[in-house]
Amino acid sequence: MSSRMYKPTDHVIKKSYLPSIQKYKEMYERSLTESELFWTEVAQEFQWHVAPKPGGFMKYNFDITKGRVFVKFMEEAELNVCYNLLDRNVKNGFGDKIAFFWEGNSPDDYTRITYRKLLDLVCQFANGLLAKGIRKGDRVAVYMPMILEAVICMLACARIGAVHTVVFAGFSSDALAERLSDAKAKLLVTADGAWRGERMYVYKRTCDDAIEKARTFFKHRVDMCMVVNHLDRVTPGGSLKSEIKDLYNWNEETDIWWHEVLEGESNICPPEWVAAEDPLFVLYTSGSTGKPKGVVHTTAGYLMYAAATFRYVFDYHRRDVYWCTADVGWITGHTYVVYAPLANAATSVMFEGTPYFPKVDRYWSIINKYKVTQFYTAPTAIRALMAHYNVEDGNLTMPDLSSLRVLGSVGEPINPAAWLWYYTRIGKERCSIVDTFWQTETGGHVITGLPGATPMKPGAAGFPFFGVEPKILNEDGIEIEGPGEGYLVFARPWPGMMRTLLEDQDRFERVYFSKFPGYYCTGDGVRRDEDGYLWITGRIDDMLNVSGHLMSTAEVEGVLASDPRVSEAAVVPKPHEVKGEALYCFVVLKEGLQFDADLVKTLTLLVRQKIGAFAAPDTIQNAPGLPKTRSGKIMRRILRKIAVGDHEVGDISTLADPGVVEELFNNRPAEA
Ligand code: WTA
């Protein structure tokens, strides 16, 4: 493991808020010892309807043995997030500042929107929502491509106190139906479709199916579906219009076009002042039992935390142009495409397309086009692009990227090879890389480097952000001080952390607080080196991380086992060069049934249908049986070894049938 240190360069330091590690350390100490003062300074930048009262901003209990777990921050304060992102910035003179440069899938399709214009459209849409009967506390589901309307919709919800739940538009109709029902969404906002690369996606059709499935399987009725007419914009010459309309249904009673919702609505909409602890949004994330968890984030704490992390972790300054490539359907898109940049009156790029279209230089050409200063993406994208540039290809030139100052990484540990490529080829050895560790549940970065302060070690996430107190525990819950490895937990809350799981406080406590009472348990492993750097070692529960998308083995196993021919399935991660991890599935068939290529095809399709294309297995192996202990527990450790063809399986004497291991090795498909 490389432990060479890369010091921040003058290029970064001279602009930095925190130009040395000492400055970071002082401020970090202060964020723990004088926590209230620290957050008061952050809060002062914002507009409050009722200001936070000094004396105990943070109230919480992390110890399930002492009662229910809760976190409350600035409890009696009142504010509106949308007002703080838009009206406040317009009042502060940023009305004409560009909020987003929007870049479409096709390089010829782009636009920009100022803070003032964004405010106008958000108010109009918020009025439209009100006119359709959406009120404070109502849940609004969003299933959208990367278009400005997605941002407008999220902020309009925040403006009227409605709670959005964005579902990544790569999820299947089954997955969407489950989330619509669990969230009891009244309204679904979508687009007819979008192009990504050379493929067209018809989101409205997925929504039609999902609404139908929500009704039949979950007895949940979605009252209304609002649809952005996006395909017309991008259909060359409009000649396909009629054909596109045939691709989905239109229900006159429940469907309404976005532009019709806006029609005649005023661009003035007074914000709904909400309590600091009122919910801002729900975002589903995979749970290890298979059922998705509705992570609830609230208002004041989330805003303060998003704003502070953005400012310091990306070292954002007024004239910078920031770009986060994440989709709004994931937490990274929520916090670092929408809320945090706008809270800092930032100018961002929002990109609809893929890194490979029309050519594999698309990311770099966008950085060059908008003179991006901060670029935030995932290791899987870096690895995929790096592979193209590492082969000799005369057509691949790298445009001038000298505007860059800070490079971010998120979603999974970044391997040193990818880190070095990012550092040298993209950052030209003068940018800082921040490896940001965080989760849907944490709301914002919790362990990360800071551009001007932290000397970088490729692959290490670094140090805690302000207000965050990480600990390493061993299996028995004993704290490991100094260098060592164990469970990553947090000993106290920070403002941006989740508050509960939607209508499932019990599961919230069970999943995050029962293993080590008194601590929030991340589910990740961590190592502290001799310099105090934290290295995330990956999930230690039954979760998989495919291209930065977290999913549970149980979720995929459930889908495989739903095929009537399958008696049992087990899924393990297998290291993958580009995706980080890939799904390796073991399938046990019912007596007398034949395993063949057709079955593999059907099962793969089933996973795509039930979850989404991003969850498609790489390998499905015929398994005569699974390695189980005498008490019936599947030994996944052994399956992981089989997946990679490593015969060093260790002790298998506790297995009920040790013979099965050899059989499984013999059964590995040729391509595995
Ligand atoms: C993993 C994404 C190592 C980790 C923001 C975590 C990381 C899970 C990093 C959360 C990183 C995220 N280094 N691992 N920089 N960032 N992870 O909820 O396993 O989609 O628990 O949030 O991704 O994934 P989620």
Q. Lys/Arg Cβ at +1, Asp/Glu Cβ at -1, dipole of the chain taken about the Cα centre: which of VAL410, SER31, SER266 is farthest positive-ward?
A. SER31
Q) Looking at the square roots a ≥ b ≥ c of the eigenvalues of the Cα gyration tensor of region 547-667, which shape do they give, rounded for a/c under 1.5, prolate if a/b is larger than b/c, or oblate? A) oblate
Q: Give, as ranges by residue number, the residues of region 424-459 whose backbone N falls under 16 Å from the point 7 Å along Cα→Cβ of LEU32.
A: 446-448
Q: Give the residue from GLN44, PHE101, GLN124 lying farthest towards the positive end of the charge dipole for region 44-128; charges sit on Cβ (+1 for Lys and Arg, -1 for Asp and Glu) and the dipole is referred to the Cα centre.
A: GLN44
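Contour minus end-to-end for TYR356 and ASP10, with contour as 0.36 nm per residue of separation and end-to-end as the Cα-Cα distance? Present the calculation step by step, with values, prior to reporting the outcome.
On the way: separation 346, 0.36 × 346 = 124.56 nm, distance 3.28 nm.
This chain segment gains 121.3 nm when fully extended.
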Q | For region 274-286, Karplus couplings with θ = phi - 60° (6.51, -1.76, 1.60), whole Hz, Gly/Pro x | A | 10, 6, 3, 9, 5, x, 9, 7, 10, 9, 7, 9, 5
Q | Label-point separation in nm, GLU648 to LYS219, each point 7 Å along Cα→Cβ | A | 5.5
Q. Cysteines of the chain lacking any other cysteine beta carbon under 4.7 Å?
A. CYS82, CYS153, CYS157, CYS207, CYS225, CYS324, CYS431, CYS521, CYS585
Q) To the nearest Å, what is the center-to-center distance of region 244-294 and region 194-213, using C-alpha atoms only? A) 16
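What FRET efficiency, computed as 1/(1 + (r/R0)^6) with R0 = 25 Å and r the Cβ-Cβ distance, is obtained for HIS317 and GLN22, rounded to the nearest 0.05? Please report the intermediate quantities before stating the final value.
Details: r = 21 Å, r/R0 = 0.86.
Using R0 = 25 Å, I get an efficiency of 0.70.
Rounded, prolate or oblate: pick one for region 81-272, where a ≥ b ≥ c are the square roots of the eigenvalues of its C-alpha gyration tensor, a/c under 1.5 means rounded, and failing that, prolate if a/b is larger than b/c, else oblate.
Numbers: a/c = 1.89, a/b = 1.19, b/c = 1.60.
Oblate is the answer for region 81-272, as a/c is 1.5 or above yet b/c matches or exceeds a/b.
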Q) Which value, in debye to the nearest 20, gives the size of the charge dipole of the chain about its Cα centre, when Lys and Arg are +1 and Asp and Glu are -1 at the Cβ? A) 940
(Q) For region 79-109 and region 639-667, what is the centre-to-centre distance using only Cα atoms, to the nearest Å? (A) 56
Q | Set of region 149-192 residues, backbone N closer than 19 Å to the point 7 Å along the Cα-Cβ line of ASP246 | A | 192
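Where does each of 357-367, 309-319, 654-664, 441-451 land if you order them by average Cβ count within 10 Å, highest first?
Working: 357-367: 19.1, 309-319: 21.2, 654-664: 15.7, 441-451: 28.2.
Put in order of decreasing packing, that is 441-451, 309-319, 357-367, 654-664.
How much length is gained on full extension from HIS576 to THR424, taking 0.36 nm per residue of separation minus their Cα-Cα distance? Write down the numbers at each step before the final one.
Working: separation 152, 0.36 × 152 = 54.72 nm, distance 2.30 nm.
Taking 0.36 nm per residue and subtracting the Cα distance, the gain is 52.4 nm.
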Q: Using label points projected 7 Å from each Cα along Cα→Cβ, tell me how many nm separate GLN47 and LYS117, to one decimal.
A: 2.1
Q: State the Cα centre-to-centre distance between region 517-580 and region 377-433 in whole Å.
A: 25
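Have a look at the DSSP beta bridges in the chain and tell me what percent are antiparallel, nearest 5.
60
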Q | Extended-chain gain in nm, criterion 0.36 nm per residue less alpha-carbon gap, ILE64 and ASP108 | A | 10.3 nm
Q) For the chain, what is the calculated [θ] at 222 nm in deg cm²/dmol (nearest 500), taking -39500 (n - 2.57) for each run of four or more DSSP H residues and dividing by its residue count? A) -8500 deg cm²/dmol
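Rounded, prolate or oblate, given the Cα gyration tensor of the chain, with a/c below 1.5 counting as rounded? It would help to have the intermediate numbers written out before the result.
Numbers: a/c = 1.35, a/b = 1.14, b/c = 1.18.
Verdict is rounded for the chain.
We did not get these values from a lab; they are worked out from the coordinates using the rules stated. Just so you know, these numbers come straight off a predicted model, no measurement behind them. A quick note on method: Cβ atoms are made from the backbone with ideal geometry, for glycine too, and the neighbour counts reach across all protein chains shown.
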